[in-house]
Each structure stands twice: as C-alpha cells, then as structure tokens.
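The values are calculated or read from the model by the stated rules, or taken from the named source; none is laboratory data. Not measured: the values here are computed from a predicted model. Here the Cβ is made from the backbone with ideal geometry for all residues, glycine too, and neighbour counts use every protein chain on show.
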Amino acid sequence: MNMTGVPNWLWLTSDRVVADAIRAVHAGQALAIPGRQYQILYLLIRHLPRALVRKVDIGVRRRRRN
C-alpha cells in the first residue's frame, strides 16, 4: 500500500495505539479512537453532511492515484 501521500501528523506509533486500546478496554469502552487528530476527524465525519464527506474522499482517492 502506497502511504507516501499521508501527512506526517496523521501517523501514530503502534505503542500509542495499543496503549489507548488497552486503556479503553479497561474503561469498558466499545470504541477507542487514538490520537487527538483522529478524534477530531471522527467528529467531523460524523457531523458533516454525507455528500461533503464523499466529495472530499473522492478527491483524496484521485490524488493518491496520480
């Protein structure tokens, strides 16, 4: 998978992801979203109109292909 187009600020270490997941399990949470950047993206995706989310997604996919 070509991940060269993913900005550095989106990357998390595996240690961070695992630690957040374990913390969520101990807290009884069914969903764990590690990293502030992904929590913000999750909220935006949930609350923005679906048509806008799809449009942005299509644009990202096009740029990755080129």
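Taking only pairs six or more apart or across chains, which ones have beta-carbon atoms under 7 Å, a first residue in the stretch 27-56 that is within 19 Å of residue 14 (Cα to Cα), and a second residue that is of a type in the set (Asp, Glu) and not in a loop (DSSP other than H, G, I, E, B)?
32/20; 34/20
Residue check, residue 51 against (1) in contact with a Pro (Cβ under 8 Å, 6 or more places away or on another chain); (2) assigned to a helix (DSSP H, G or I); (3) not β-branched (Val, Ile, Thr), all met but one. Which one?
Evaluating residue 51 over (1) in contact with a Pro (Cβ under 8 Å, 6 or more places away or on another chain); (2) assigned to a helix (DSSP H, G or I); (3) not β-branched (Val, Ile, Thr) leaves (1) as the failure.
Condition first: over 16 Å from residue 7 (Cα atoms), among the small types (Gly, Ala, Ser), surrounded by 10 or more Cβ atoms within 10 Å (Cβ to Cβ) and within 13 Å of the chain's Cα centre (by Cα). Can you find one or more residues in the stretch 25-43 that meet it?
Checked the stretch 25-43: at least one residue is over 16 Å from residue 7 (Cα atoms), among the small types (Gly, Ala, Ser), surrounded by 10 or more Cβ atoms within 10 Å (Cβ to Cβ) and within 13 Å of the chain's Cα centre (by Cα).
Can you go through 5, 28 and tell me which one is modelled with pLDDT under 90 and assigned to a loop (DSSP other than H, G, I, E, B)?
The match here is 5.
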